[in-house]
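> The structure under discussion is supplied below as structure tokens; questions concerning it will follow.
The values are calculated or read from the model by the stated rules, or taken from the named source; none is laboratory data. Predicted model only: the values in this text are computed from it and were never measured. Reconstructed Cβ throughout: ideal geometry from the backbone, glycine too, with neighbour counts over all protein chains shown. For the accessible areas, the whole protein counts, side chains as well, though only heavy atoms, and no ligand, DNA or RNA atoms are used. Shrake-Rupley method; radii C 1.70, N 1.55, O 1.52, S 1.80 Å.
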Amino acid sequence: MRLAKEIARHDKLYHDQDAPEISDADYDSLVRENRALEERFPHLIRADSPSRRLGAAPTTVLAKVAHSRPMLSLDNAFSDDEVREFVGRVRRFLALPADEPVVLTAEPKIDGLSCSLRYERGRLVLGATRGDGTIGEDVTANVRTIRDIPQSIADGPDVLEVRGEVYMSKADFEALNERQEAAGGKVFANPRNAAAGSLRQKDANITASRPLRFLAHGWGELSEPLATIQLLAMKKLEALGFPVSDLLKRCETVEEALAHYRAIEKARADLPFDIDGVVYKVGRLDWQERLGFVGRAPRWGLAHKFPAEKAETTLEAIDIQVGRTGKLTPVGRLKPVGVGGVMVANVTLHNRDEIERLGLRIGDRVRIQRAGDVIPQVVENLTRDEPRPAYVFPDHCPECQSEAVSEEGEVDVRCTGGLICPAQRFERLRHFVSRGALDIEGLGEKSIAEFIELGWLNSPADIFRLRNHRSELLGREGWKEKSVDNLLSAIEAKRQPDGPRFLFGLGIRHVGIVTAKDLLKCFGTVEELRGAALSEGGEAELSSVQGVGPVVAEALVDFFHEAHNREALDDLLSEVSPLPFVSDARATEWTGKTIVFTGSLETMSRDEAKAQAERLGARAAGSVSAKTDLVVAGPGAGSKLKKAEELGIRVVNEAEWAQIVAEA
Ligand code: IVH
């Protein structure tokens, strides 16, 4: 739609160039017009339509910075029992005796955006947003305008990275919106959006005019430890001049932590800022170190979220979206309704069974809920007993008309069109270039759709042949020499992609970025992985990889057995050379070695031992073979120990293993 394009252009002028061409009132009427058109012609809604965007995410062009230590996220819990289980997991991982207390800290989870502040020899040298956790945006000039953030500190470590939340208070948010409205400026959906929009500005003067605050909740790189326990480390940060929550509390037991959760929940409405839960952290920092991380979240922390906010509205339509694996996902279009400060117009309905379970029909009144960042969902149908015809789930793909089927025992309905299905092709390409995969900047949905239509893009390999169409592209509307060359050089820059991102980008079912890393940690390259998947007994070998189970193993075997997948991969590998996997663990003499743990361990759990091996760059395997480099045997070791002895593999006991870890 031309109108959506026009709106996107104004968005860009407003956010990226700070040079709006039209008043906000005119802008709003464009958006309204677009919405009215979309209501009449829902099949024409563009994927990048402004109405699909939730909240206002300013897309400023800020410089990128790599974090010295990744900025991670937290696992969520929604019930007391999940919190008790968390503490249980901590106990098991550390193999703690039953009477050893696990002291926790509990503090509010602030609904802002996380920020890392780096001080070198006492001076603030860098402020960065979280970004994807590895690479964030440089907001140094912006954070310098925030009064809560000290420009310099006395008596701190030489290198100190303070991490915390930039936020806006509820009162400041209301006042800002009033001012914005009066001045014909942009009105923000909620304090979080206002904080993000205010911090991520190219022009720091705009940030300076916005009432931003900061609360510290942790740290990144340090040249020396702050303390030995979480609480004292936070007190140290406070003494250095950083605001720390006054609701931060040391809790002796999990029940005490849960009581503090309830106290914070009670105080929530009266707090000056928005919070969406309580964060628990293991108090002892040496334990935090041992617990380490799994995927993108620490084993030593947990976010206990407040119950979801609910609202009622009408289900106006059910659209079917076709994903990259062909899955048909029903999406409910709602009469827009505010839920916890955000307007919600779409909900995922998950699958056919979910629609049946709720007895959903177009026109029903529904209760929806939204918990934190989770996609809103329908929790209840309020008009179940009205006699109207049931919704019929399509048995053909709405995009390519191929038959849509569900496999035995599976709830999902899938399009059987494979690569002939334009939706699947589009989604696969979009996934391949997305931020978590190859991250090709400038190759957005719109361009992908355009190139598919032109017949230039069928498979991922074609992306690397787009340069052959340079002159044709230059002749097309909307493409200037600069934008074409930027795109082509962004593509060229990815001829040697990161291995796990490349594997993840292939879009194999169940293979997320963490699994992709686990797989390459073991196999090194995608070719090796393919070899294993196609070899006899490959499925069993794959499912023995740490972090990989039978479901992933089966998906890999299925994927590599499809001839067209192998062809597409070969084609792609003729264009690019993914880098062999480099573990983020330290390089040690154990890097690349295979270690097997057997028998019982006394000072640590099996999981901790495996995590230690991984930190040394080694792989922990489940069975002993000629490829095994070391066996760590505890009391009760049986057949594995015997086999190791037969094969002449080095065997050590638990104490010797601890020595190896300490020395490596
Ligand atoms: S601790 C390893 N404490 O929540 C990450 N995070 O879901 C440790 N957040 O990205 C984070 N309040 O931006 C921590 N009191 C708090 C927090 C908090 C808000 C944010 C933080 C993080 C996200 C994780």
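> Starting from the exponent 0.38 and prefactor 2.2 Å, build the expected Rg for region 388-520 from its residue count and divide its actual Cα Rg by it.
Values: Rg = 17.6 Å, N = 133, 2.2 N^0.38 = 14.1 Å.
That works out to 1.25 for region 388-520.
> Roughly how much of Ser434 is accessible, in Å² to the nearest 10, using a 1.4 Å probe?
40 Å²
> Straight-line reach from Lys640: which aspartates and glutamates have Cα under 14 Å away, leaving out those fewer than 8 places along the same chain?
Once the sequence-local aspartates and glutamates are set aside, what remains near Lys640 is Asp629.
> Looking at the chain, which Cys residues are left with no other cysteine's beta carbon under 4.7 Å from theirs?
Cys115, Cys251, Cys522
> Given C-alpha coordinates of region 70-173, what is the ratio Rg to Rh with the Kirkwood estimate of Rh?
Radius of gyration over Kirkwood radius for region 70-173 works out to 1.07.
> Here's another thing I want to ask about it. If the convex hull of the alpha-carbon atoms of region 408-473 is projected onto planes in all directions, what is the mean projected area in square nanometres?
Working: hull surface 22.2 nm².
The orientation-averaged projected area of the Cα hull of region 408-473 comes to 5.5 nm².
> So what is log10(I(q)/I(0)) for region 358-435 at q = 0.18, 0.24 1/Å, when the Debye sum runs over its Cα atoms only?
Debye curve over Cα of region 358-435, log10 I(q)/I(0) at q = 0.18, 0.24 Å⁻¹: -1.01, -1.03.
> I would also like to ask the following. If the viscosity is 1.306 mPa s and the temperature 10 °C, what translational diffusion coefficient in µm²/s does Stokes-Einstein give for region 492-547 when Rh comes from Kirkwood over Cα pairs?
Details: Rh = 11.6 Å.
Estimated diffusion coefficient is 136 µm²/s.
> Can you tell which of Trp219, Val511, Cys251 lies farthest toward the positive end of the dipole of the chain, using +1 and -1 charges on the Cβ of basic and acidic side chains (Lys, Arg; Asp, Glu)?
My answer, from the dipole projection, is Trp219.
> Return the carbon/sulfur percentage of the accessible area of the chain, one whole number, probe 1.4 Å, all protein chains in place.
For the chain, the apolar C and S fraction of the accessible surface comes to 49 percent.
> To the nearest 20 Debye, how big is the dipole of region 267-317 about its Cα centre, given +1 on the beta carbon of each Lys and Arg and -1 on that of each Asp and Glu?
460 debye
> Pop out the Kirkwood hydrodynamic radius of region 132-265 from its pairwise C-alpha distances, inverse of mean 1/r, in Å to one decimal. Spell out each step's value before the answer.
Details: mean 1/r = 0.0591 Å⁻¹.
For region 132-265, inverting the mean 1/r across all distinct Cα pairs yields 16.9 Å.
> How long are the three semi-axes of the equivalent ellipsoid for region 455-503, computed from the Cα gyration tensor as the root of 5 times each eigenvalue, in whole Å, largest first?
Listed largest to smallest, the semi-axes of region 455-503 are 23, 13, 7 Å.
> Rounded to a whole number of µm²/s, how large is the Stokes-Einstein D of region 224-291 at 10 °C and 1.306 mPa s, given Rh as the Kirkwood radius over C-alpha pairs? Provide the component values of the computation, followed by the final result.
On the way: Rh = 13.4 Å.
Approximately 118 µm²/s, per Stokes-Einstein.
> Taking the solvent-accessible surface of protein heavy atoms with a 1.4 Å probe, what is the per residue accessible area of the chain in Å²? Before the final figure, lay out each step's value.
Details: 32280 Å² over 664 residues.
On a per-residue basis, 49 Å².
> Another question, if that's okay. Placing unit charges on C-beta atoms (Lys and Arg positive, Asp and Glu negative, everything else neutral), compute the dipole magnitude of region 606-664 about its Cα centre in debye, rounded to 20.
260 debye
> Can I ask one more? I'd like the projected area of region 497-587, averaged over all directions, using the convex hull of its alpha carbons. Report it in nm² with one decimal.
Quarter of the Cα hull surface area: 5.5 nm².
> Accessible surface of Lys480 in the full protein assembly, 1.4 angstrom probe, to the nearest 10 Å²?
Probe radius 1.4 Å; accessible area of Lys480 about 150 Å².
> Please report, in debye to the nearest 20, how large the charge dipole of region 309-393 is about its Cα centre when each Lys and Arg carries +1 at its beta carbon and each Asp and Glu carries -1 there.
In debye, rounded to 20, region 309-393 gives about 140.
> How large is the translational diffusion coefficient of region 193-310 in µm² per second when you combine the Kirkwood radius over alpha carbon pairs with Stokes-Einstein at 20 °C and 1.002 mPa s?
Working: Rh = 16.6 Å.
So the translational diffusion coefficient is about 129 µm²/s.
> Considering the alpha-carbon set of region 508-659 alone, what are its Rg and its Dmax in angstrom?
For region 508-659, the Cα radius of gyration and maximum Cα-Cα distance read 16.9, 52 Å.
> With unit charges on the beta carbons (Lys and Arg positive, Asp and Glu negative) and the dipole taken about the Cα centre of the chain, which residue among Ala171, Trp590, Asn351 sits farthest to the positive side?
My answer, from the dipole projection, is Ala171.
> Moving on. For Val651, tell me the accessible area in Å² from a 1.4 Å probe, rounded to the nearest 10.
Per-residue accessible area (Val651): approximately 60 Å².
> On to the next question. Over the Cα atoms of region 265-397, how large are the radius of gyration and the largest Cα-Cα distance (Dmax), in Å?
Final numbers for Rg and Dmax: 19.5, 63 Å.
> Let me understand the chain better: what is its radius of gyration from the alpha carbons, and its Dmax, in angstrom?
Calculated on Cα positions, Rg and Dmax stand at 26.9, 82 Å.
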